[in-house]
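Student: One structure follows; several queries about it will come next.
What follows draws every value from the coordinates through simple rules; no lab data is involved. Quantities reported herein were computed from a predicted structural model and do not represent experimental measurements. Heads up, the Cβs are rebuilt from the backbone with ideal geometry, glycines too, and the neighbour counts pull from every protein chain shown.
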Amino acid sequence: MLEIYNSLTRFKETFKPLHDGHVGMYVCGPTVYGDAHLGHARPAITFDLLYRYLQYLGYKVRYVRNITDVGHLEHDADEGEDKIAKKARLEQLEPMEVVQYYTNRYHRDMAALNVLPPSIEPHASGHIIEQIAFVQKILDKGYAYVSNGSVYMDVEKYAKDFPYGKLSGRNLNDIVTETRELDGQEEKKHSYDFALWKKAAPEHIMHWPSPWSEGFPGWHMECSTMGTKYLGERFDIHGGGLDLIFPHHEAEIAQSCAALGHETVHYWMHNNMITIAGKKMGKSYNNFITLEQFFRGDHPLLSKPFGPMVIRFFILQAHYRSTVDFSSEALEAAEKGLQRMQEAYARLQKLQAGKETTVEIGDLRTRCVEAMDDDLNTPFVIAALFDSTRAINTVYDGKGTISEADLKELREVWKTFAIDILGLRLEEQGGDAGKQKAFNGAIDLLLGIRLQAKQNKDWGTSDKIRNELTALGFQIKDTKDGFEWSI
């Protein structure tokens, strides 16, 4: 039986890959039916950090991050309307148009945050055949049943042979108490049984043929299927947000044990939530701020635009397992901290080596490594880098000297930990938010000139500005109050 950890404290001592020199990592990616928000940024940055550090340690990492584009339902994993199908119906689009549009936008936002692309990014809709086969394995083992064309996990029967609730610490009595009454419960033997395959209602526009019905896979099935397809029946790390522990990851464990007879994941790792006024940020609570709104600064809770590196620094200032409460004031503080780091890094590049070191630099590399080994303790890494800025500034101001060897080491450590591992773009001077504000102002100025040209019936100038901005990728919409634009 493989052990389950919810953190990687004392990293080098507890983390033992299943295969020497190689690490398999699976992370639950986005459900692409809307723009990415700050809550999506945290897991992306957390597991990007882990990906970068594992590579720094010399491991060859196969990083799989899925795209959920079917089977993620409106109320829970069993009932309601598929979120993507609902979006497609409301906007009169093909579901895959919705998927492609928001996947493209997600990739754009991740690139802005300097999140590295995964090794493999499988889509749930591209693995329907494999999911059907996985469901059949569970049926063959006797841990599932067919009801009215749908297939459900028989949780009570499974729990007699395997420890259900191992990851979340829940038992069946707790789950019965917490389970809400939803439409369609009469199909199940028990309220806590979850769908492996759902028969599609006539109005459901995303469905596939299967031995049991024309339907679609349950939400949990995609990760069990794609994780084992690309990483094998046993792999090292599975990650996601803390809210996925139950029911999603608990259901994954049950599916894998039922189909394969054993667990597949060695280490479970979960990042905590971002909150607003103490409440989880998310689409379901209608309290989210999209990343695009952060970059533009056009949300009532934002005092101004904040660039992607400010967002990344804000998230990395807190340990990934701690709750982070959002406020515009906290982002302003993060922006100032990032600017201090950018200034220190720029000064570091300009330093001239002397004959000896007269400033205190300590063993910065050791401090950073020890912090990362302590469950990816990024606040301590940042603190260590900030401590070294005193030496950088002293030498820069001509009040101390640093030897050639120490200067080379200091530059290498800053590049390794601040840029390569933390993923901060410190080379960008002036702050991301300042650049974004200037960019937005320039576009508003151009469109203001176009608006004045229209009022003066100068159609040539008006059309030239609109056409050339459109060719560059801008979307421009005239309104009764002026104009709106997006990229």
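Student: Would you mind counting up the charge near Glu356? Only other residues with Cβ under 15 Å from its Cβ, with Lys and Arg at +1 and Asp and Glu at -1.
Tutor: That sum, taken over residues with Cβ under 15 Å, equals -1.
Student: Just order 51-59, 453-461, 195-203 by mean Cβ neighbour count inside 10 Å, highest at the front, would you?
Tutor: 195-203, 51-59, 453-461
Student: Report, in debye and to the nearest 20, how large the dipole of the chain comes out about its Cα centre when Lys and Arg carry +1 and Asp and Glu carry -1 on their Cβ.
Tutor: In total the dipole reaches around 1160 debye.
Student: Over all alpha-carbon pairs in the chain, figure out the percentage whose distance exceeds 34 Å.
Tutor: When all Cα pairs of the chain are counted, 44 percent exceed 34 Å.
Student: For a footprinting-style exposure proxy, rank His270, His299, His319 by other Cβ within 10 Å, fewest first.
Tutor: His299, His319, His270
Student: In degrees between 0 and 90, to the nearest 10, how far off the longest principal axis of the chain does helix 95-112 point, with axes built from Cα atoms?
Tutor: Roughly 30 degrees between the two axes.
Student: Let me spell out the model: positive unit charges on the Cβ of Lys and Arg, negative unit charges on the Cβ of Asp and Glu, origin at the Cα centre of segment 432-486. What dipole size does that give, in debye rounded to 20?
Tutor: 80 debye
Student: Near Tyr145, within a Cβ-to-Cβ distance under 13 Å, what is the net charge of the other residues, with Lys and Arg +1 and Asp and Glu -1?
Tutor: Neighbourhood net charge equals -1.
Student: Right, something else. Go ahead and run the numbers for FRET between Lys16 and Glu484, Cβ-Cβ distance against an R0 of 45 Å, rounding to 0.05.
Tutor: 0.25
Student: How far is helix 128-140 tilted, in degrees, relative to the longest principal axis of the Cα atoms in the chain, given as a value from 0 to 90 rounded to the nearest 10?
Tutor: On a 0 to 90 degree scale, this one is about 50.
Student: Sorted by average packing, counted as other Cβ atoms within 10 angstrom per residue and highest first, what order do 108-116, 271-279 take?
Tutor: 108-116, 271-279
Student: By counting other Cβ atoms within 10 Å of each Cβ, how are Met96, Met226 ranked from fewest to most?
Tutor: Met96, Met226
Student: Sum up the charges of everything whose Cβ sits under 13 Å from the Cβ of Glu91, counting Lys and Arg as +1 and Asp and Glu as -1, but leave Glu91 out.
Tutor: +2
Student: Taking 2.2 N^0.38 Å as the expected size of a compact globular protein, what ratio does the Cα radius of gyration of segment 190-299 give against it, to two decimals?
Tutor: Scaled against compact globular proteins, the figure is 1.35.
Student: Can I ask one more? Filter the GluC sites (Glu not before Pro) in segment 325-413 to those in DSSP coil with at most 13 other Cβ atoms within 10 Å of their Cβ, and list the result.
Tutor: Listed in order of number, the matching sites are Glu356, Glu360.
Student: With unit charges on the beta carbon (Lys/Arg positive, Asp/Glu negative), name the residue among Phe194, Met372, Gly142 whose Cα is farthest towards the positive pole of the charge dipole of the chain.
Tutor: Met372
Student: Provide the percentage of antiparallel DSSP beta bridges, counting only those with both residues in the chain; round to the nearest 5.
Tutor: Taking every DSSP beta bridge with both residues in the chain, the antiparallel ones total about 50 percent.
Student: Could you work out the mean projected area of the convex hull around the alpha carbons of segment 432-486, in square nanometres to one decimal?
Tutor: 3.9 nm²
Student: What 222 nm value per residue comes from the helices of the chain, counting each DSSP H run with n ≥ 4 as -39,500 (n - 2.57) and dividing by all residues, nearest 500 deg cm²/dmol?
Tutor: Taking each H run of at least 4 residues, the total per residue is -13500 deg cm²/dmol.
Student: When the Cα centres of segment 444-487 and segment 137-177 are compared, how far apart do they sit, in Å?
Tutor: Here the answer is 58 Å between Cα centres.
Student: State the antiparallel share, in %, of DSSP beta bridges confined to segment 11-271, rounding to the nearest 5.
Tutor: Taking every DSSP beta bridge with both residues in segment 11-271, the antiparallel ones total about 40 percent.
Student: If one takes the longest principal axis of the Cα atoms in the chain, at what angle in degrees, from 0 to 90 and to the nearest 10, does the Cα axis of helix 364-373 lie?
Tutor: 10 degrees
Student: OK, next. Once you sort the root eigenvalues of the Cα gyration tensor of segment 276-421 as a ≥ b ≥ c, which label holds: rounded (a/c under 1.5), prolate (a/b larger than b/c) or oblate (the other case)?
Tutor: prolate
Student: Right, next: Go through His37, Trp485, Thr68 and say which Cα lies farthest out towards the positive end of the charge dipole of the chain; charges sit on Cβ, +1 for Lys and Arg, -1 for Asp and Glu.
Tutor: Final value for the positive-end residue is Trp485.
Student: Taking the Cα-to-Cβ direction at Arg390 and at Lys141 and moving 7 Å from each Cα, how far apart do the two end points lie in nm?
Tutor: Rounded to a tenth, the inter-label distance reads 5.7 nm.
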